[in-house]
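Throughout, read-outs are computed from the coordinates displayed, never taken from laboratory work. None of the values given here were measured: they were computed from a predicted structure. Here the Cβ is made from the backbone with ideal geometry for all residues, glycine too, and neighbour counts use every protein chain on show.
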Amino acid sequence: MQRTTASEPAALGSDSDEHPYLTFRLREETFAIGILSIKEIIEYGSFTPVPMMPRCVRGVINLRGRVVPVIDLSVRFGREETVPNRRTCVVIIEVGSEGERQDLGVLVDAVNQVVELPAKDIEPAPAFGSKVRAEFIAGMGKLNGDLVIILDVDRVLAADDLAALMPTGNEHEAA
């Protein structure tokens, strides 16, 4: 069975097809991730720091016996660290390529809602004009008169980047 990812937003079928996305906020911008990449959403909690990790890795959490790295998406995009508030969440997503999948937590300011976006309302990623690197963007969705940045989660955390972000196995004592 082939799994569809958010990196194929407009190529999934005809223009009338609708595709589900989870929308969320980072600072003043609204982003979306294809719902098929999302495993669950959990409340913000404490993380176990991991020495010598990139700045965007806030730490790891123990999610039902599995060590899951938590990435601060704001830092990954070259911005300031997320300052937690009552709406801050960790979105657990599955990323990877070539059959190798990995769960990661993504720290976001607030989760909004799940929306259906028709393929006709999704435009290709712009070459400029966003505060996010163009290769991280799968497309721009039109939602209620506003634009939503649809992320390509497999590129935001590309396979070669994942190697640098993954725990080495020595962190089994995590929370």
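Using the Karplus relation 6.51 cos²θ - 1.76 cosθ + 1.60 with θ = phi - 60°, the per-residue 3J(HN,Hα) values for the range 134-145 come to 4, 5, 7, 9, 7, x, 10, x, 9, 9, 6, x Hz, with x marking Gly and Pro.
Full-extension gain between Arg86 and Arg133, please, as 0.36 nm times their residue separation minus the C-alpha to C-alpha distance. Please list the in-between numbers first.
Numbers: separation 47, 0.36 × 47 = 16.92 nm, distance 2.83 nm.
That pair, Arg86 and Arg133, stretches by 14.1 nm at full extension.
What FRET efficiency would be calculated for the residue pair Ser46, Asn144, taking the C-beta separation as r and a Förster radius of 45 Å, to the nearest 0.05? Computed FRET efficiency for Ser46 and Asn144: 0.80. When each of Ser37, Ser74, Ser46 is scored by the number of other beta-carbon atoms lying within 10 Å, the sequence from fewest to most is Ser46, Ser74, Ser37.
What the Cα convex hull of the range 48-135 gives, in volume per residue, is 172 Å³.
With neighbours defined as other Cβ atoms within 10 Å of a residue's Cβ, the residues Asp121, Asp146, Asp17 order from fewest to most as Asp146, Asp17, Asp121.
Contour minus end-to-end for Asp17 and Arg55, with contour as 0.36 nm per residue of separation and end-to-end as the Cα-Cα distance? The partial results should precede the final answer.
Working: separation 38, 0.36 × 38 = 13.68 nm, distance 3.89 nm.
The Asp17-Arg55 span can extend by a further 9.8 nm.
Here Leu143, Leu157 are placed in order of increasing Cβ neighbour count within 10 Å, fewest first, which gives Leu143, Leu157. Taking label points 7 Å from Cα along the Cα-to-Cβ direction, Ile35 and Arg66 give a separation of 2.1 nm. Charging the Cβ of each Asp and Glu at -1 and of each Lys and Arg at +1, and nothing else, the dipole of the range 18-165 about its Cα centre rounds to 420 debye.
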